[in-house]
């Protein structure tokens, strides 16, 4: 089965890739969109003084 | 003169460094006139395979933003190092680990447990967690391996220069671009695009003798906006943080959190911050010191806000 990898996805903020599998006729059999990225803000802001949180989570996306 | 061949990449990052490069505004046209961009995921559509196809040392300069959080970040760091003559750790994350390295207070298991199972917005009855390799009917698909410890760029690749800041200011970015274009770069390993003085040396706030008898929080008290925040008891990383950002935070009415990293010669930013703050606490005895220090909320993540990844301990031992 032919495979097309789009890696990385560009012109957006963040990381992503797409794997496309083609069938024998050259049509798309299946496509997978993957997010290869996690930083874990959900965890590491826990217990932080509330006034500091905006100064940290503004770095989730800086675009 | 041949155009400079330039690459730019993000590891574990937010895109703020890329945006800061675009914030040089119309000077981006000068950059375009002087340099060919061969790789820059946020702005142009080159793929990893295009970089792999380049001869070694093909790119004159690569700006790497973001920390090393997973195996992809590390793999691409190695690849870009091989394909470039000069590699720059650009921004706090590549320089010191940055905000993503706050995750070093936990390990992979704890982060996955919360993100994929326990967080109130997660619905995951099957208990699925991302796997490096997943079998699908058509074959296998992969994602990078998530590391326990977040690292700055120089832990995995040889770095020529460091540009500090979260993000670096556009003015400083342009200074760096000009230095690159004119070949006017200092010794390898230098911090560029910043000052050699501290934030305090460049801060507009009025400074008197620092004698701190108690700490306050911006959530519950309002600093007077003409006097040094630290003197008023609001914790500020200014005394040990490198200048060069035009003290953007202090001008916005909040104390510095240290994104420009430490001044030269500091081995561990958090330890140096503890030492600096301790030296201005005014107390008679140990009991009084303890009472004052207890008023500092979250000292670990304040003193090490941007630099846990590059700290001597690297991470919390679990």
Ratio of chain A's C-alpha Rg to 2.2 N^0.38 Å, to two decimals? 1.70
What FRET efficiency, computed as 1/(1 + (r/R0)^6) with R0 = 22 Å and r the Cβ-Cβ distance, is obtained for residue B:316 and residue B:145, rounded to the nearest 0.05? 0.60
Just B:119, B:279, B:299 to compare: in a GNM of chain B, with alpha carbon springs under 10 Å, which one fluctuates most? B:119
Once both axes come from the Cα atoms, what is the angle between helix B:269-278 and the longest principal axis of chain B, in degrees from 0 to 90, rounded to 10? 10 degrees
Simple spin-label estimate for residue A:12 and residue B:156 in nanometres, 7 Å along Cα-Cβ: 2.3 nm
Shape of segment B:1-51 from its Cα gyration tensor (a ≥ b ≥ c, root eigenvalues): rounded if a/c is under 1.5, otherwise prolate when a/b > b/c, or oblate? oblate
Computed on Cα atoms, Rg of segment B:277-318 relative to 2.2 N^0.38 Å comes out at 1.44
Once fully extended, how much extra length lies between residue A:33 and residue A:61, figured as 0.36 nm per residue of separation less the alpha-carbon to alpha-carbon distance? 8.1 nm
Per principal axis, descending, Cα span of segment B:29-163 in whole Å: 54, 39, 27
Given the Cα-Cα distance of residue B:26 and residue B:225 and 0.36 nm per residue of separation, how much length would full extension add, in nm? 68.3 nm
Any chance you could run the full-extension gain for residue A:24 through residue A:53? It's 0.36 nm times the residue separation minus the Cα-Cα distance, nm to one decimal. 5.2 nm
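Cα convex hull of segment B:236-318: how many Å³ per residue?
116 Å³
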Rounded to the angstrom and largest first, Cα extents along the principal axes for the protein assembly as shown equal 82, 61, 32
How far is the Cα center of segment B:211-246 from the Cα center of segment A:42-58, in Å? 19 Å
Chain B pair-distance distribution - Cα-Cα, 10 Å bins, rounded %: 6, 24, 29, 23, 13, 4, 1, 0
7 Å from Cα along Cα→Cβ at both residue B:113 and residue B:294: what's the point-to-point distance in nm? 2.9 nm
Place the peptides B:87-93, B:156-162 in order of packing, highest mean first, counting for every residue the other Cβ atoms within 10 Å and averaging per peptide. B:87-93, B:156-162
If all Cα-Cα distances of segment B:231-274 are sorted into 5 Å bins from 0 onward, what percent lands in each bin, rounded to whole numbers? 5, 24, 34, 21, 14, 3
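Where a number appears in this text, it was derived from the coordinates with a stated rule and is not lab data. No experiment lies behind these values; they were computed from the predicted model shown. Counting neighbours? That spans all protein chains shown, and the Cβs are built from the backbone with ideal geometry, glycine included.
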